[in-house]
Amino acid sequence: MSVEPTHSPGEPDVVTGLSRQNSLYRRMITICDQVADAAVRGADARQLTRVLAETLDQAVLLLDPTFTLLARAGDDTVNWHPDDVAVSRVLRALATERRPVRLPAMPDSALARGCQATPITIGDTTLGYLVVLDRAVAAGGRSDDADLLTTTYAATLFALTLANERTSSDLGLRYQAAIVDALVTGNFLDTADARRKARSLGLDGAQPYRVAVLRPTIADPPPGPSHNVADELVERLNSALPDALAVARGFEVVLILRESSREPSRNLADHALANYVKLLRHKAIEADPSCGLSEQTEHPEHAPTGLRQAQHAIDVGTRIGRSGQVIPYDELGIYRLLLQIGDMRQLWRFAQEILGPLIDYDATHKVDLITTLSTYLNQHESLKQAARALRVHVNTISYRIHRIEQLTPLDLTNPDDRLVDHVAVKIVESQRALDHP
């Protein structure tokens with residue numbers, strides 16, 4: 001006689017639930033094994049993102065600590081806009097919570113689909129965020145709990161990978177900074193040693209480059225935060241500008257800018273200066289940074305000359321009213337010659353010999369014949385152009401030029417005398433800029 005097996009009420013549901021749970025965990029383990037295997041094989045964070053997206057069959061985003069997109073896989077149509085108001089509010093909450101969270105779908109935003117977001121952390125340091133977007137409705141809809149567990153485990157592997165990349169990057173940047181500093185300061189044995197150092201930075205003997213210096217125009221920079229700000233700027237520049245090699249030297253940042261068809265060094269200097277301005281404002285440091293830019297050279301052993309040129313460009317730029325901008329050394333004109341003399345007292349004596357009567361006349365009569373002379377010479381001795389530049393009548397310029405010729409021993413119709421006048425005017429203008437910055 002056979003005995004029919006008996007079933008308690010609800011037992012089939014329990015068995016079905018356990019079977020489903022067992023299936024989910026097997027799937028989770030399979031996915032985690034594949035991601036772990038990729039990590040062990042040396043996959044970087046971007047490659048891990050692709051592996052996770054393929055194994056989950058879902059779109060995956062890898063974000064840095066500021067929610068900037070580092071990698072995307074599984075769906076190239078996903079647009080990530082962390083500046084979206086609704087998204088940024090949710091992401092700030094995620095940064096505060098520091099735990100995996102479900103983010104609901106927000107139509108007409110960067111999160112038009114719901115997602116699971118998991119911080120990638122080591123200790124108290126957040127290295128980034130892993131975001132797994134829900135499947136499209138036709139493909140199965142919302143992610144399940146197993147996906148959340150999988151993402152949480154995967155975040156641990158991402159943390160180890162990102163930490164290793166950061167350590168390697170930090171070591172590489174420290175080595176790079178040491179080599180850049182050695183080149184620009186002349187700390188090499190000979191030409192061959194300089195060229196070996198340059199090759200280690202990816203600079204071969206045929207690639208032209210310029211040296212740039214970023215310097216805030218402040219009299220007494222605070223000793224504490226300066227290094228932090230400069231170091232942070234170096235980190236930003238090395239990430240944002242592939243053709244720039246940067247090193248922090250106190251409050252200054254020195255860069256070797258490689259010329260390329262992709263990005264001329266002048267553009268790189270503009271980007272670097274804009275980054276410095278933005279960073280100083282963010283740190284609430286009141287400063288007006290300028291950027292000096294050397295002449296172009298192909299020889300690594302000429303890097304110290306490039307550093308001096310970039311520094312001189314800033315020195316002169318602050319004297320002639322060009323603070324807060326990129327100042328190329330090869331655009332300094334006559335000031336390059338004056339830099340070679342260096343002794344301002346000697347230069348001022350020369351200017352006094354030529355323009356002393358004009359300086360005294362301006363001081364006594366409260367006029368500015370020096371500016372009139374400078375404008376007249378800059379406008380190629382054109383009375384009309386000088387009058388237009390100074391916004392006065394042409395007869396006024398004519399009278400002033402006649403007065404200048406009466407007060408000085410020079411003849412403005414003589415090319416040699418005009419050259420002497422021009423040099424003397426530049427010295428006076430430079431000194432005035434120092435006296436009244």
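Taking a Cβ cut-off of under 15 Å around Arg400, the surrounding Lys, Arg, Asp and Glu residues balance to a net charge of 0, with basic ones at +1 and acidic ones at -1.
A cut-off of 5 Å between modelled amide H atoms, ignoring neighbours fewer than 5 places along the same chain, links Ile327 with Cys291, Gly292, Leu293. Karplus-based coupling profile of region 28-43, in residue order and whole Hz: 4, 5, 4, 5, 4, 4, 5, 5, 4, 4, 5, 5, 5, 6, x, 4, with θ = phi - 60° in 6.51 cos²θ - 1.76 cosθ + 1.60 and x standing for Gly or Pro. Available extension along the chain between Val277 and His81 is 68.1 nm, counting 0.36 nm per residue and deducting the alpha carbon span. Per residue, the average separation of C-alpha pairs within less than 8 Å and at least 6 apart gives region 339-405 a relative contact order of 21 percent.
Using θ = phi - 60° in the Karplus curve 6.51 cos²θ - 1.76 cosθ + 1.60, the 3J(HN,Hα) couplings for region 176-190 round to 4, 4, 5, 5, 4, 4, 5, 5, 6, 9, x, 8, 9, 6, 7 Hz; x is entered for Gly and Pro.
You can think of it this way: the chain between Arg391 and Leu189 has 66.9 nm of extra reach, that is 0.36 nm per residue less the Cα-Cα gap.
Under the criterion of Cα pairs below 8 Å and six or more residues apart, the relative contact order for region 185-332 equals 31 percent. Phi angles of region 92-98 translate, via the Karplus equation with coefficients 6.51, -1.76, 1.60 and θ = phi - 60°, into HN-Hα couplings of 4, 5, 4, 5, 6, 5, 6 Hz per residue; Gly and Pro are given as x.
Using R0 = 30 Å, the C-beta based FRET efficiency linking Glu232 and Met344 works out to 0.25.
Readers should treat all values here as calculations from the given coordinates under stated rules, not as data from a laboratory. What you see is a predicted model; the values in this text were computed from it and never measured. Glycine also receives a Cβ, built like all others from the backbone with ideal geometry; neighbour counts cover every protein chain displayed.
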